[in-house]
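These notes are about the structure you will find just below.
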Amino acid sequence: MTHDRILGHLAQRFAVSEENLATESLTWLLRRSAAARAAVTGLGRGIGLDLSDDLTFVGQVGSAETGQPDVVGTDSQNRERLLIEAKFAAGLTDQQPNGYLKRLPADVDGLLLFVAPDVRRATLWVELLRAIPQLADPVPAPSAVADTGTLYVKISERTTLALVGWRSLVTRVLDAVRAADESVLAQDGEQLLALTEAMDNAAFVPLRPGDLDLRTARQIAQLEGVIDDAYEHIIAASSVAERYSTKSSHGRIFYGWWVSSRKTKKRIWYGFLPRAWGRYGISPLWAQVRVGPSWSRQRLLQALSGLHEDEQPGLFDDGESFLIPLAIPDFGGQQEVVDNLRHQVHDIVVRLDAVVAPGEPPMPDEPSVDEQEDLPI
């Protein structure tokens, strides 16, 4: 995956500002590469603006009266010609966009460019237009869309407001740096792209008409029955798996069951796991196998690495555990779906059992204090 890089990983693991990381990284590239600067100012030319390719870029410059844009590009006469404001989840501040627009000169072309996750662009654009008095009354002014996908609207004769997606902007910069044969900076650009894609994946996704229709609601609701039926079949008929708990495992928007291997006593959770579905797609149903004192990461990888082969569902590193998507057959009836789910869980248990040598004693996970609270991590 493109977003599976160290900068994107660290941004999700630690309490840092994604906007600050992204804008500092972007400023780093702009200060060091003429090709990167030309790529960004080229967005302005794409919407009819005359911006110099050789702007000087600095970060976090401003005042209480006009706000503090994330990146400021000034020309040779020290006029602010391009202001860039990064957005992921944060809302607009009091000075956005009106305070920023006041900073741009009236006698030369100037651009205020907001950068946001693709899933937020439509709603953020409406927020921006509504915040500008001359555009919001009686209705937002018509907007244009450049060939690059940039949304833009003229605020005055020489001032333009625009909005572009993070992926589009960073890809444009990265392509320019690569074309200029700046290999080290290209690696930095790849890290920035990875960060922005990780943040795109975590961004709030606004609803569109028809997204949550009755069919979708019924399909999600019936997953509980499928998960329960598969569990009963596993307990009643499986030669390799057995009951771990008499209670289902459920919590904040997830539902499933723990089963354990008859041979090794290793536990496997399976069920409805929206966080994995939302991150990786593939399926709403997932299995989870935890790392533990008796089952190291190396041993689990030895057992489960075959899931990466062709025609297999894949294996996803989830920190202290591994996740496996469980397929739901297209056009399958209820019994077919239940049987398919049972076979997939059975296969995972068989793979775990296969790495245990004959005569080796069982290696159960450490017991939980409260089995009802022993939930997926």
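Scanning the range 315-340 for residues that are in contact with a Leu (Cβ under 6 Å, 6 or more places away or on another chain) and outside any strand (DSSP E or B) yields a total of 1. Name the residues in the range 67-124 that are among the polar types (S, T, N, Q) and touching a strand residue (DSSP E or B) at 6+ places or on another chain (Cβ under 7 Å), would you? Result: T74, T93, Q95, Q96.
Per-residue answers, yes or no, for (1) among the acidic types (D, E); (2) modelled with pLDDT of 95 or more; (3) assigned by TED's automatic domain parsing to the domain that holds L124:
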residue	(1), (2), (3)
R158	no, no, yes
W166	no, no, yes
V170	no, no, yes
L185	no, no, yes
D188	yes, no, yes
A194	no, no, yes
P209	no, no, no
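Which members of the range 184-227 meet the condition of being among the polar types (S, T, N, Q) and part of a loop (DSSP other than H, G, I, E, B)? Of everything in the range 184-227, just one residue is among the polar types (S, T, N, Q) and part of a loop (DSSP other than H, G, I, E, B), namely Q222. Scanning the range 232-239 turns up at least one residue that is assigned to a loop (DSSP other than H, G, I, E, B) and touching a residue at least 12 places away in the same chain (Cβ under 8 Å).
Could you please let me know if E311 is outside any helix (DSSP H, G or I), farther than 21 Å from S249 by Cα and over 20 Å from the mean Cα position of the chain (by Cα)? Spelling it out, E311 is indeed outside any helix (DSSP H, G or I), farther than 21 Å from S249 by Cα and over 20 Å from the mean Cα position of the chain (by Cα). What are the residues in the range 71-123 that are among the β-branched types (V, I, T) and within 16 Å of R37 (Cβ to Cβ), if any? V71, V72, T74, I84, V115, listed by residue number. Taking the criterion of being among the aromatic types (F, W, Y) and crowded, with 20+ Cβ neighbours inside 10 Å, the only residue of the range 321-347 that qualifies is F322.
Of the candidates L128, L169, the single residue that is surrounded by 17 or more Cβ atoms within 10 Å (Cβ to Cβ) and either over 17 Å from L43 (Cα atoms) or more than 32 Å from the chain's Cα centre (by Cα) (or both) is L128. Among residues of the range 1-58 being in a helix (DSSP H, G or I), among the β-branched types (V, I, T) and within 17 Å of V115 (Cβ to Cβ), the one that is modelled with the lowest pLDDT is T23.
The values are calculated or read from the model by the stated rules, or taken from the named source; none is laboratory data. Remember, predicted model here, so these are calculated numbers, not experimental data. We place every Cβ from the backbone using ideal geometry, glycine too, and count neighbours over all the protein chains shown.
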